[in-house]
Structure formats: structure tokens, C-alpha cells
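K.L.:
So that we are looking at the same thing, I have put the structure below in C-alpha cells.
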Amino acid sequence: MGTRLRSHPRTSRMTGMMRALKAHVKGGRLLLDEPTDLPDGAEVELTLVEDELDPEERARLDAALELSMAQARAGQFVDGDAVIRKLRAGR
């Protein structure tokens, strides 16, 4: 079962901006898995995310998400607002 860490800046200059950063705990400290361009002293809020999927379920979900994103980039999607209008119209 994996654990992911998500963080997002809380400064007013970055309002509305959210980025997920992956990290692991080593020796009681959080180590980011990749470099970041956040400035020194930037405040981030950390949330521990427990992953309840087993590795096979996680792989299937990741594959489905990748396919969905590829379809969206190719313009193969349904407009959510259009779906809601159709449902509300009773069709």
C-alpha cells in the first residue's frame, strides 16, 4: 500500500495554484522525489494520502486515467455541461 504526499502553497501570491509533489519519509524527514522550483522559505501544506488500492488495482486505475487523458487531448470527450442539460431535459 503506497502513501503519497500532496502539497500546495498557501501564500496569497499563489492563490488558486495547486501542485502535487511526491515525497517519501527518510529518517523522519520528508524528501521530495523530484526537484522543485519553490522559493526558499515558501510555506506548503502537507496532507498524507493513504492509498487503499493494491498494486494491481492501482495499475488498472493509472492505465485508465492515462487512456482518458490521451482521449481528451485528442478531442475525444463529451462536454459535461451538455450531458447535464440533456439529463435535465429528460432525454
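K.L.:
Using the Cα gyration tensor of the stretch 41-91, with a ≥ b ≥ c the square roots of its eigenvalues, what is the shape: rounded (a/c below 1.5), prolate (a/b larger than b/c) or oblate (neither)?
P.N.:
Prolate.
K.L.:
Sticking with this one: Roll a 1.4 angstrom probe over the protein heavy atoms and tell me the percent of accessible area of the stretch 37-91 that is carbon or sulfur.
P.N.:
Here it works out to 54 percent.
K.L.:
Next question, about the same structure. Give the accessible area for V25 in Å² (nearest 10); use a 1.4 Å probe, count only protein heavy atoms, and leave out ligands, DNA and RNA.
P.N.:
110 Å²
K.L.:
Which net charge results when you count Lys and Arg as +1 and Asp and Glu as -1 among the other residues whose beta-carbon is under 15 Å from that of P35?
P.N.:
Summing Lys/Arg as +1 and Asp/Glu as -1 gives -2.
The values are calculated or read from the model by the stated rules, or taken from the named source; none is laboratory data. Just so it is clear, the model here is predicted, and its values are computed rather than measured. As a convention, Cβ positions derive from the backbone with ideal geometry for all residues, glycine included, and neighbour counts pool all protein chains shown. Note: accessible area is taken over every heavy atom of the protein model, side chains too, but ligands, DNA and RNA are not part of it. Shrake-Rupley method; radii C 1.70, N 1.55, O 1.52, S 1.80 Å.
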